[in-house]
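*Asks:* Sharing a structure with you now.
The values are calculated or read from the model by the stated rules, or taken from the named source; none is laboratory data. Since we're looking at a predicted model, the values are computed, not measured. Note: ideal-geometry Cβ built from the backbone for every residue, glycine included; neighbour counts use all protein chains shown. Note: accessible area is taken over every heavy atom of the protein model, side chains too, but ligands, DNA and RNA are not part of it. Shrake-Rupley method; radii C 1.70, N 1.55, O 1.52, S 1.80 Å.
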Amino acid sequence: MIRPALIAAQAVGVALLAATPALAQETPASAAPAAAEWRTVTPENLLVVDTTKGRILVELAPLAAPKHVERIRMLAQRGFYDGIVWHRVIDWFMAQTGDPLGTGEGQSPYPDLEAEFTFRRDSAMPFVPVARPMGAEVGFINSLPVQTQPDAAMAQTGDGKVHGWGLYCPGVAGMARGEANDSANSQFFFMRQAYPALEKRYTVWGAVVSGLDVVRAIKVGDGDNGAVTSEPDRMVRVRVAADLPEAERPVVQVLDVRSPTFGTLVEAARRARGADFSACDIQLPVQVSGAAAPAA
């Protein structure tokens, strides 16, 4: 399956992204998180992606895309992704995989998925805003950066909910598809850099919480449209942590976005970026313990 929209979007924004200054994400010593400020990612929502370049840990986002998360969990449990190559990798954009043919034309034997470009948010969903542009709120649901209609609009909707959608920041996981909206199946991609042109056009199903350096180290394509034609990197093993023996499970703790330290990080990023501040400027501190990645 060809993914023309992904490639077209890439061509529009590379120069813009290359011109964006990097923001230091180190936590100031005075803002080191207290023990109670860490949130442990549940094993059911932790995807462990072992690759020939290293380990990538992804927090799944069932609140944003329940059907796509269910598909990823099922394929991982059945070992579908083991050994599959990263067949299209474009620097300053994304790394794509999930095709058993390794060409961009393949998929799993299961039916295509209905798009989940947006989701409905109510007041019970754990959303923490970091900015309020006119008519919207931008923030986080756990580790996922999102934009949403404001809480005030909930009173004006029949179900008491408002629309939200994932933001394509570095490390965000999206589902690849063909030209039809409802054509996602098994192929997915991780963002190497921010790319807002994809928002509300491709389903967001999670966010890398550890291993963004690994995503950026995956071999870049040497063919047309970012195709990797020689010696591509591979996914060695992909499992949901809950499906691994307890002794093999990594334990991931992420800074809780409801914590005071998170507020300190947001303000530091806002000062550093000024009018250019966005949720993509926030990199959540993480602690990883437990089992190490197996040898590739």
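*Asks:* Please name whichever of MET235, PRO294, ALA197 sits farthest to the positive end of the charge dipole of the stretch 192-296, dipole taken about the Cα centre and charges placed at Cβ: Lys and Arg +1, Asp and Glu -1.
*Replies:* ALA197
*Asks:* Would you mind working out the magnitude of the charge dipole of the stretch 76-145 relative to its Cα centre, with +1 at each Lys and Arg C-beta and -1 at each Asp and Glu C-beta, to the nearest 20 Debye?
*Replies:* For this selection, approximately 260 debye.
*Asks:* For helix 66-77, what angle does its Cα long axis make with the longest principal axis of the chain, in degrees from 0 to 90 and rounded to 10?
*Replies:* On a 0 to 90 degree scale, this one is about 40.
*Asks:* Then there is this: Quick check: pseudo-label points 7 Å beyond the Cα along Cα→Cβ at THR40 and ALA136, how many nm apart are they?
*Replies:* The modelled label-to-label distance comes out at 3.6 nm.
*Asks:* Evaluate the charge dipole of the chain about its Cα centre and quote only its size in Debye, nearest 20, assuming +1 on the Cβ of each Lys and Arg and -1 on the Cβ of each Asp and Glu.
*Replies:* Rounded to the nearest 20 debye, it is 220 debye.
*Asks:* While we're looking at this one, here's another question. Just the accessible area per residue of the chain, please: how many Å² with a 1.4 Å probe?
*Replies:* 44
*Asks:* So what are the chain's ellipsoid semi-axes, whole angstrom, largest first, if each one is the square root of 5 times an eigenvalue of the alpha-carbon gyration tensor?
*Replies:* Equivalent-ellipsoid dimensions as semi-axes: 28, 22, 20 Å.
*Asks:* Okay, next question. For the stretch 131-244, what Kirkwood radius comes out of the mean inverse Cα-Cα distance, in Å?
*Replies:* 16.5
*Asks:* On the accessible surface of the chain, probed at 1.4 Å, how many percent belong to carbon and sulfur atoms?
*Replies:* The nonpolar share, carbon plus sulfur, comes to 53 percent.
*Asks:* Follow-up question, since we're still on this one. On a C-alpha basis, how far is the centre of the stretch 131-203 from the centre of the stretch 236-291 in Å? Whole number, if you could?
*Replies:* With the stretch 131-203 and the stretch 236-291 each reduced to a Cα centre, they are spaced 18 Å.
*Asks:* Counting only helical runs of four or more DSSP H residues, what would the 222 nm mean residue ellipticity of the chain come to if each run contributes -39,500 (n - 2.57) and the total is spread over all its residues?
*Replies:* Using -39500 (n - 2.57) per qualifying helix, the result is -5000 deg cm²/dmol.
*Asks:* While we're looking at this one, here's another question. Return a single number: how many Lys pairs in the chain, at a sequence separation of 8 or more or on separate chains, have alpha-carbon atoms below 21 angstrom apart.
*Replies:* Close lysine pairs under the 21 Å cut-off: 4.
*Asks:* Quick check for me: using +1 on Lys/Arg Cβ and -1 on Asp/Glu Cβ, what's the dipole size of the stretch 73-222 about its Cα centre, in debye to the nearest 20?
*Replies:* Charge dipole of the stretch 73-222: 280 debye, to the nearest 20.
*Asks:* Quick one, can you get me the convex hull of the C-alpha atoms of the stretch 166-221 expressed as volume per residue in Å³?
*Replies:* Hull volume over Cα atoms, normalised by residue count, gives 92 Å³.
*Asks:* Also, quick follow-up: Need one number: the % of Cα-Cα pairs in the stretch 60-211 sitting beyond the 23 Å mark.
*Replies:* 36
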